[in-house]
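Colleague: Have a look at this one before I ask anything.
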Amino acid sequence: MNKEIFGVFGDRDEFTRFRVEREFDTVVSNDVATVGIRDTGLGIPGRSASYSGDLGSCIIWGEAYPNKRGWSEPARWLLEQYVEKGRDAIQALNGSYLAFIEHEGDAVVLTDPIRSWECFYTDEPGVRVFGSDAAEIARTIENPTMRRQSVGEFLHMGVVLGNKTLFHELHRTPFDGYLTAREAGELDRFVYDEQEMDYSSELADRMQRAIQRRARQPGKKGLLLSAGYDSRTLLSQFPEIEHCYTVGMPDAQEVKVARRLAKQYNVDHTTLVTNDRYIMPGEQKVRDTNGIKESIHIHHAGYNNEIQVDTMYHGLLFDTLLRGFGQKRSELKLFGKDIPLKQLEDDPDPVKASFDNFGYLPDESRKVAEQYTSDPNAAEAFVSEAIATEFERCWKRTDSVQNALSLFSISNQPTIPFRTHLADNYLESFIAADTELLEWHLQTPPKYRTTATFIRAIKQLDADLFRHRPPDRPYTSMLLSEMERFARRKLPFVRKFESAWPDRQQVYDRYNLDQRLFPEHETIHELPSRHKLRINDMVGWVAQCSETAVNPTDVLYMPAEARRADDVRSEN
């Protein structure tokens, strides 16, 4: 990857067992740990920084904003804070980052509060090795073994839950967590603590400050723009944005509205026309999954040559953190369709409520399970048990089932490869990870973490933001929008609402991906396209980091085998 942090809890000689120093822009070393980073943003205010001195060493990797006193030398400032406050010092760092600190023989790696950057690690080489690129860490393992539970989760949900990876020997630093030479533990920054406030006005103020913090990025600035609420908010608040990009066909409803939005704010717009590049999982795209999340969410990956900007903005996780995605709402049965209402369910089943928050597709997964088991309900039983097991981790941070549903979605967010790819190719800002916005999420009761609150907030930022409404939401009322959706679907000669994304199945079939991805595995051809792409993601990622060959059929049949005892132990 172009952007990477790699380290060893050992001296420089231990580091050079695995990597060459010239691969990195800077390396800090002492007797207890050696860490290298590579990042084009190194030294730019708000980006990666490093410092070594009499007090020790510190690296901040990613995007991070200290308080005003630490702006000029953020790594030095964080080290000084650590000397005074210990691990509590990390509370004052705002952004999306991994931080390494060494002081008086004590070395620790710290994630941001929502683990928006993963830190992978292994002890297999005889020393603890860690870093942001799972493939590089996995390469230090002599004989990695596939974890069946992880394969099943990836296959049926598009994400490996918790702290697991595809290999038994490769692990992830916990959510809101830290890593030392002998320990991997959790911090207590991301804990729900509901407060009374003017939720929409407070959100508007915090969003404005979060955007302003990230407005000074260098070079030409771009935005990945959809017709939805999130990215148009950024478009309205970043006058520095020069170019917007939307993936889709030029005549698609989503693209037409995005084009109108760009014109409204006097910004150039380019349509990244849907073709095989939209769905084809190339080597870099697969690498950006880190073997734990599916590549399909990296919509823009095939269009790098057409994206001519230095800094790229996006609205990832606005829906999850600020609009209540993941929470379970009551539903009204209307014309045979379940329509979500404003009020939340009193006591939802967390397993069933989480089905829709990931890439679990019941009918398609049933077809996949039929390939390796005679039980048509095997896939649902597997997914239900996996979610229930992981959901238990949420209770230590909240006593509300609705908050736990949100936390479960945030801590296992399948769309993260989207930003991983952006950050590897551009200076990328993860605005939703701003500390003030995370605090708003934690302090706002679930019944107020809604699209309605969000709309009231962004109208305070720009009253003209809804001149062009999202094509599938012609009304502020979700009920009215759903009623029109139904009418358009049933009435003749009336065009129905289009999906916000191109039809993946059509693209898959049009460009003959079966023969391109699985020419020697015809049994795979019968599976749903989404699951075939997941199989390719797993096979491709393993091939990049291990000499152990695994073919698509092996991956397909692996979930059918009984869970090993060490699967269960290492999940807990």
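Colleague: Quick check: at a probe of 1.4 Å, how many percent of the accessible area of segment 1-122 sits on carbon and sulfur atoms?
Modeller: 42 percent
Colleague: For segment 223-339, go through all pairs of different Cα atoms, get the mean of 1/r, take its inverse, and jot down that Kirkwood value in Å.
Modeller: Hydrodynamic radius (Kirkwood, Cα pairs) of segment 223-339 is 16.1 Å.
Colleague: Kindly report the accessible area of the chain per residue (heavy atoms of protein chains, probe 1.4 Å, no ligands, DNA or RNA), in Å².
Modeller: 40 Å²
Colleague: Can you run phi through the Karplus equation (6.51, -1.76, 1.60; θ = phi - 60°) for segment 348-365 and list ³J(HN,Hα) in whole Hz, with x for Gly and Pro?
Modeller: With the stated coefficients, segment 348-365 comes to x, 6, x, 5, 5, 5, 8, 3, 7, 7, 10, x, 7, 10, x, 5, 5, 5 Hz.
Colleague: Further question: Going by amide H atoms built from the backbone, whose H comes under 5 Å of the H on Arg329, apart from near neighbours?
Modeller: Glu345
Colleague: About the Cα centre of segment 80-119, how large is the charge dipole given +1 on each Lys and Arg Cβ and -1 on each Asp and Glu Cβ? Please answer in debye to the nearest 20.
Modeller: That gives segment 80-119 a dipole magnitude of about 200 debye.
Colleague: Roughly speaking, what is the centre-to-centre gap between segment 3-51 and segment 217-282 when only Cα atoms are used, to the nearest Å?
Modeller: Taking the Cα centre of segment 217-282 as reference, the centre of segment 3-51 is 35 Å away.
Colleague: Which links in Lys396/Lys447; Lys285/Lys396; Lys342/Lys532 stretch past 28 Å when you go from one Cα to the other?
Modeller: Numbers: Lys396/Lys447 21 Å; Lys285/Lys396 35 Å; Lys342/Lys532 36 Å.
Check vs 28 Å cut-off fails for Lys285/Lys396; Lys342/Lys532.
Colleague: Work out the length of the dipole vector of segment 48-166 about its Cα centre, built from +1 on the beta-carbon of each Lys and Arg and -1 on the beta-carbon of each Asp and Glu, and round it to the nearest 20 debye.
Modeller: Charge dipole of segment 48-166: 380 debye, to the nearest 20.
Colleague: Let me know the charge dipole size of the chain about its Cα centre in debye, to the nearest 20, where only the beta-carbon of Lys, Arg (+1) and Asp, Glu (-1) is charged.
Modeller: Numbers: 72 positive and 90 negative charges, 478 e Å.
That gives a dipole near 2300 debye.
Colleague: Same structure again: For Tyr426, list long-range residues whose amide hydrogen, built 1.01 Å from N in the peptide plane, is under 5 Å from its own amide hydrogen.
Modeller: Hits under the 5 Å cutoff: none.
Colleague: In terms of Cα to Cα distance under 13 Å, which aspartates and glutamates are near enough to Lys367, apart from those fewer than 8 places away along the same chain?
Modeller: Candidates past the 8-residue exclusion: Asp375, Glu380, Glu526.
Colleague: Could I ask something else about it? Once phi is turned into ³J(HN,Hα) by the Karplus curve 6.51 cos²θ - 1.76 cosθ + 1.60 with θ = phi - 60°, what whole-Hz value does each residue of segment 209-224 show in order, with x for glycine and proline?
Modeller: 5, 4, 5, 4, 4, 10, 7, 9, 5, x, x, 6, 10, x, 9, 7
Colleague: Okay, moving on. Please report the Cα spread of segment 94-182 along all three principal axes, rounded to whole Å, starting with the longest.
Modeller: Between the extreme Cα coordinates on each principal axis of segment 94-182 lie 43, 32, 18 Å.
Colleague: Residue farthest toward the positive end of the dipole of the chain, with Cβ of Lys/Arg at +1 and Asp/Glu at -1: which of Gly540, Ser409, Gly326?
Modeller: Of Gly540, Ser409, Gly326, it is Gly326.
Colleague: Hull surface divided by four, with the convex hull built on the Cα atoms of the chain: how many nm²?
Modeller: 25.4 nm²
Colleague: Moving to a separate point now. Could you please state how large a percent of the accessible area of segment 142-295 is carbon and sulfur, counting protein chains only and using a 1.4 Å probe?
Modeller: Details: 2170 of 5300 Å².
The value for segment 142-295 is 41 percent carbon and sulfur by accessible area.
Colleague: Right, next: Ordered by residue, what ³J(HN,Hα) values in Hz, to whole numbers, does segment 96-103 give under the Karplus form 6.51 cos²θ - 1.76 cosθ + 1.60, where θ = phi - 60° and Gly and Pro are x?
Modeller: 10, 7, 10, 10, 10, 9, 10, 8
Colleague: May I pose another question? Which aspartates and glutamates, on any chain, are close to Lys263 with Cα under 18 Å apart, when same-chain ones fewer than 8 places away are left out?
Modeller: In chain and number order, the partners are Asp230, Glu240, Glu242, Asp251, Glu254, Asp462, Asp464.
The values are calculated or read from the model by the stated rules, or taken from the named source; none is laboratory data. Note that the structure is predicted; figures quoted are calculated from it, not measured. For neighbour counting, all protein chains shown are included, and Cβ atoms are generated from backbone atoms with ideal geometry for every residue, glycine included. These area figures cover heavy atoms from the full protein model, side chains too; ligands, DNA and RNA do not enter into them. Shrake-Rupley method; radii C 1.70, N 1.55, O 1.52, S 1.80 Å.
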